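Values in this text are rule-based calculations from the coordinates and carry no lab data. Just so it is clear, the structure is predicted and the values come from calculations on it, not from any experiment. Using ideal geometry, Cβ is built from the backbone for each residue, glycine included, and neighbour counts are taken over all protein chains shown.
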Amino acid sequence: MLRTSSLYGRFASAVATATQVAVILVVTLMCVLVLAQVVTRYVLADTPAFLSELATYCLIWTGTLGSSLAFRHRKHVAMEVLTGRLSARGERSVATIKVVLLVAFLAVFFYSSLLFALDMREQISATMDFSMTYPALGLAVGTALMMVQVIDAWLRPEVAHGAQETQIGQALSSPNASARQPKQADPQEQTC
């Protein structure tokens, strides 16, 4: 299992790196498109309609690709009030249930979004004359990437990028937290 999780971890890391590059490129393109909209609107007094439409499609792809990176870095909102009070075994059990439910939801959403994208084959973009399958595929691709990162975070919780923050939070809420060192006075804050 350890070798499998290590191999999967390398795969998930490579996927995350490729996703980061894609997000950077799509956000850059979106910024250029929005800037072009502003320039053409105020300088030329006429904005080509395709700029707004393409920027919207970039936003869809950015949101779904970025969500997979948020899963990797554990930046989605999570309620950890109860799980923080469980034993290590209890926490792992709850994490496993959470991952199973999340992957099941993502699998259903992936299937549905893939069917939606395929149904959009016949619909053509209003201003750019291409199939609406391409913007709609952002949902399916992003969901598949989310599943990769959720499974990786579950297989390797100690490596997850959010683990350090969780350890800090646990240290602050531990019973030994009351034995913390008192804050040292800053010499610049002292007054005569």
Q) If packing is taken as the mean number of other Cβ atoms within 10 Å per residue, what is the order of 68-77, 94-103, highest first? A) 68-77, 94-103
**Q.** Protection proxy ranking, peptides 83-93, 144-154, average beta carbon neighbours within 10 Å, highest first
**A.** 144-154, 83-93
Q | Local electrostatic count, residue 102, Cβ distance below 13 Å [Lys/Arg +1, Asp/Glu -1] | A | +1
(Q) Order these by the 10 Å Cβ neighbour count, fewest first: 111, 8. (A) 111, 8
Q.
What is the sum of charges, Lys and Arg at +1 and Asp and Glu at -1, for the other residues whose Cβ falls under 12 Å from the Cβ of residue 13?
A. +2
Q. For the range 48-61, in order, what is each residue's ³J(HN,Hα) by Karplus, 6.51 cos²θ - 1.76 cosθ + 1.60 with θ = phi - 60°, in whole Hz (x at glycine and Pro)?
A. x, 5, 5, 4, 5, 5, 5, 5, 5, 5, 5, 5, 4, 5
Q: Could you work out the local net charge near residue 136, counting Lys and Arg as +1, Asp and Glu as -1, over the other residues with Cβ closer than 11 Å to its Cβ?
A: 0
